[in-house]
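Novice: Here it is: the structure, laid out below.
The values are calculated or read from the model by the stated rules, or taken from the named source; none is laboratory data. Since this is a predicted model, take the numbers as computed values, not measurements. All Cβ positions, even for glycine, are placed from backbone atoms using ideal geometry, and neighbour counts span all protein chains on display. Heads up: the accessible areas ignore ligands, DNA and RNA and are worked out on the full protein's heavy atoms, side chains in. Shrake-Rupley method; radii C 1.70, N 1.55, O 1.52, S 1.80 Å.
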Amino acid sequence: MTRRALVTGLGFITSIGNDRASVVQSLRALRPGLERVEFLGNPSLPVKVAGTVKEFSVDSASWRDWRYPPRYQFPRETLRSLAPHGLYALCAAEQALADAGLAAAALADGATGLYCASAGSAFLLHHHLAQMHAVRGERGNPMGVVASIAGTLNFNLAAHYGIRGAVGGFAAACASSSHALGCALDDIRLGRQTRMLVVGAEEVNAETVLPFAAMRALSTHADPACASRPFDQQRDGFVASGGAVCLILEEEETARRRGATVYAELAGWGQAADGHNVAVSHPEGAGLAEAMRRTLADAGVTPAGIDYVNAHATSTPAGDRSEALALRSVFTAAGARPHVSSTKGLTGHPLSMSGVMEAAFCALALREGFIPGNANLVTPDEACDGLNMTRATLDLAPATIMNNSSGFGGSNVCHVLRQFSI
Amino acid sequence: MPSHSPVETTHSSQGGALNTLGRHFPAEVCEAYARFCASRESADADLVVIAIVLDHIPDKSLRPVVPPADSLALAADLGFDSVAITEMVFFLEDLFQIRITNDQILRVRTIGDLRAFVRQKLAGPSSAGSAGRA
C-alpha cells in the first residue's frame, strides 16, 4: 500500500472570503464574490464584472503602496520581490500554516516541498519592461524578474519559508494548480516528501483579465449577481477572478505523529489531454472523460462511489457543454448519478488557482458535511440531461468527491478526495 | 501624496524615486531634499542619503539607532545583500540624477563611505545632481 496524503491545512484569499469561515458561509449561502469593475478607466469595455479580492489594495507596481490586513506582517526583504498575487499567496500560506498548527520553521526541515501555480504577473512584467524601454535598457528594478515571471510564487515562498525540499511551478493555464496538487500527491506517495504546500494565485487586473476578452471568453453580463452561470443555457463566458489558496498535504504518519486535524484524504489523481485545440476543449470532452477514468482507477473508486463532482465549468458555452458530455460518458453511462455543481458561479474563474481552490472547497465540504450548489443555474444546458445538477447547497455529507480542472492546450486534471479520520 | 510633502510628482526619469520619497519618507526627509534642490547644501543631501539607507535595510530588526554611525558596514552590520544594495543604488541614481558604476559601489562598504561617495558625485563635474532636471 502506498503512503496516504492528507489535507491538514487550508488558507483562502478569494473573492468569496479571506478566511475559512467566510468561505464556508459563502458556499453554504451561495453568496457570490463578484462585483462591478472598470478596467483601464474605460467604461465602454464590454467586461463589467470580476471576482474581486476584498481588503487588499495592490493596484500599484510598488509594494510600498500596497494596503492589506494588518494581521499579515512581512519583512521588506520578502515584500520587495513580490507581485500582487504573491502577496495574496503569502497571506494564504500564513493562514494554512496556522490552520494546520504548524510553525513556519517546520517548513525548513527538508522533508517539506512547495508546488505553485500562477501565470506570473503580466501587470508587473509590463511595468518593468516599459521602464526598461523608457531608459533604453540602462536600468531596471533588480527584483523585476523574480517578481514578474511565471514561477514568482515558488521563488518567493520557498525563499521566505526556507523550504529545502522539492520546489517548482506549474504552467498549464487553468489546470495548473491541479497539476501541482497531483504531483504533490505523487511526491508523498513515493516517499520523497512528507509534507507539501500547494499554492495557486492570480491577479485581478486589466493585464491578467482583458486578454481573455480578446478571445471572446469573458461574460459581458453587467449584473454581478448572475454574470457567472455555469451550465446554464444563458451563460455567455466566464467572469475572471483572483486571489490565492494554499493547501497543505501531509503524509499520514507524519500527520498522526503530530496530532494534526484532517480535512480529507487526497485519494487519487489523473490527467489526460485532448490533443485537439490550443484554446478550445474537445467538443465531446474526450480528454476530460479519460482524465476522470484514470483518476477513478488511481483512487480505486467506481463511478458509483463518487457522491459529488466539483466541475471545472467556467460558464463558457463550449467548455461547460464538453464537460457535461464528459460527465455523462463517465457517470451516466455507468448508471451513476453523483451531485454535480460548479462553484464558479460564486467565485468567478481564478485561472491557475482554480484547481487547488476547488480541491480546498471539496475538503471543506467533506469535513463540514455539505454539497455546494451551482449558483445561477436556472435552465441547464441540454448537454446536462441525465446529470444530477445541484442548484442549492445541500446539507448532505459527501464521502467521496471528484474535482475537475481543464486548461489551454486541452490539459485535463482530476482529483478524488474522500473522508478520512485519524 | 501627503499634504506635508514638498516633493511634487514629476514626469522625468526621477519620477518613481520622487513619488516614493514623497509618499513613504518622513516629512523632514522630503524637506531636506527640497532644500538640497534649492541650495545644493551637502548636509541636506546627507540627511536624505541616510534615510534611504535606513529604508533599504532588508530586515528591520537590524535597523540601527539614528543617526547611525559612519563606521557601520552595509553588509555586516545592516544586513544588506547584493540585491538591496542594487535597489538602493538605483534609487540614489534616480533621485539625485547621478550615475554609479558597479566598480564604484563595490568600494563602498560603510555608511560613511556612501555619504562621502554621494557627496563627491554631487560635487563632481560629471554629476547631474540638479534635482528636478530630466
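Novice: Please list, or write none, the lysines whose alpha carbon is within less than 27 Å of the alpha carbon of A:Lys48, excluding same-chain residues fewer than 8 places away.
Specialist: In chain and number order, the partners are A:Lys344.
Novice: Do any residues of the range B:89-126 lose at least 10 Å² of accessible area when the full set of protein chains is present rather than just their chain alone, and if so which, with a 1.4 Å probe?
Specialist: In the range B:89-126, residues shielded by partner chains: B:Phe90, B:Glu93, B:Asp94, B:Arg99.
Novice: State the answer as a single residue: which of A:Cys414, A:Gln234, A:His282 lies farthest towards the positive end of the charge dipole of the protein assembly as shown, with beta carbon charges of +1 for Lys and Arg and -1 for Asp and Glu, about the Cα centre.
Specialist: A:Cys414
Novice: Need the C-alpha centroid separation for the range A:326-372 versus the range A:1-38, integer Å.
Specialist: Using only Cα atoms to place each centre, the spacing works out to 13 Å.
Novice: How far is the Cα center of the range B:74-112 from the Cα center of the range A:390-422, in Å?
Specialist: 52 Å
Novice: Roll a 1.4 angstrom probe over the protein heavy atoms and tell me the percent of accessible area of chain A that is carbon or sulfur.
Specialist: 52 percent
Novice: Let me ask something else. Go ahead and set up a Gaussian network model of chain A, Cα springs under 10 Å, then flag whichever of A:Leu129, A:Leu97, A:Leu377 fluctuates most.
Specialist: Maximum among the listed residues: A:Leu129.
Novice: Here's a follow-up. Show me the ranking of peptides A:55-65, A:313-323 by mean Cβ neighbours inside 10 Å, starting with the highest.
Specialist: Highest to lowest by the protection proxy: A:313-323, A:55-65.
Novice: Once you compute Rg and the Kirkwood Rh from C-alpha atoms, what is the Rg to Rh ratio for chain A?
Specialist: 0.95
Novice: Taking 4 °C and 1.567 mPa s as the conditions, I'd like the Stokes-Einstein D for the range A:268-418 in µm²/s, using the Kirkwood hydrodynamic radius from alpha carbon pairs.
Specialist: For these conditions, the coefficient is 87 µm²/s.
Novice: Over all alpha-carbon pairs of the range A:181-251, lay out the pair-distance distribution in 5 Å bins, whole %, shortest bin first.
Specialist: 3, 15, 16, 14, 12, 11, 11, 11, 6, 1
Novice: Roughly how big is the B-A contact, given as buried accessible area in Å² (both sides, 1.4 Å probe, nearest 100)?
Specialist: Looking at B and A, the buried total is near 1300 Å².
Novice: Share of antiparallel DSSP beta bridges in the range A:268-418, in percent to the nearest 5?
Specialist: Values: 15 of 23 bridges.
Around 65 percent of the beta bridges assigned by DSSP in the range A:268-418 are antiparallel ones.
Novice: Related question: Amide H neighbours of A:Val309 under 5 Å, at least 5 residues apart or on other chains, H built in the peptide plane: list them.
Specialist: Answer set, sorted by chain and number: A:His339, A:Val340, A:Ser341, A:Met402.
Novice: Under 20 Å from a point placed 7 Å out from the Cα of A:Ser60 along the Cα-to-Cβ direction: which residues of the range A:190-229 have their backbone N that close?
Specialist: Under 20 Å, as judged by backbone N against the label point of A:Ser60, lie A:203-207 of the range A:190-229.
Novice: At what distance in nm do the modelled label points of A:Thr220 and A:Arg71 sit from each other, each positioned 7 Å from its Cα along Cα→Cβ?
Specialist: 4.1 nm
Novice: Given the options A:Pro303, A:Pro70, A:Pro230, which has the most mean-square fluctuation in a GNM of chain A, springs set between C-alpha atoms less than 10 angstrom apart?
Specialist: A:Pro70
Novice: Which of the three applies to the range A:5-257, rounded, prolate or oblate, going by the alpha-carbon gyration tensor with a ≥ b ≥ c and a/c under 1.5 meaning rounded? Before the final figure, lay out each step's value.
Specialist: Details: a/c = 1.83, a/b = 1.24, b/c = 1.48.
Oblate is the answer for the range A:5-257, as a/c is 1.5 or above yet b/c matches or exceeds a/b.
Novice: Report A:Val37's accessible area, 1.4 Å probe, all protein chains in place, as a number in Å² to the nearest 10.
Specialist: 30 Å²
Novice: Sticking with this one: Going Cα to Cα from B:Lys60, which aspartates and glutamates come in below 15 Å? Please leave out same-chain ones fewer than 8 positions away.
Specialist: Correct list for B:Lys60: A:Glu77, B:Asp77, B:Asp81.
Novice: At 1.306 mPa s and 10 °C, plugging the Kirkwood radius over alpha-carbon pairs of the range B:15-123 into Stokes-Einstein gives what diffusion coefficient in µm²/s? Could you put the intermediate results ahead of the total?
Specialist: Working: Rh = 14.0 Å.
Result for D is 114 µm²/s.
Novice: Under a 1.4 Å probe, what is the accessible area of the protein assembly as shown per residue, stated in Å²?
Specialist: 38 Å²
Novice: Something else now. How much solvent-accessible surface does A:Met132 expose, in Å² to the nearest 10, with a 1.4 Å probe and all protein chains in place?
Specialist: 80 Å²
Novice: Need one value for B:58-64: mean number of C-beta atoms belonging to other chains within 10 Å of its residues' C-beta atoms. Provide the component values of the computation, followed by the final result.
Specialist: Numbers: counts 6, 4, 3, 1, 0, 0, 0.
Counting other chains' Cβ atoms within 10 Å and averaging over B:58-64 gives 2.
Novice: Compute the separation of the alpha-carbon centres of the range A:144-192 and the range A:245-308 and state it in Å as a whole number.
Specialist: Centre-to-centre distance over Cα atoms comes out at 18 Å.
Novice: Same structure, new question: Please list A:Ser176, A:Ser406 from largest to smallest accessible area, probe radius 1.4 Å, with all protein chains kept in place.
Specialist: The ordering from most to least exposed comes out as A:Ser406, A:Ser176.
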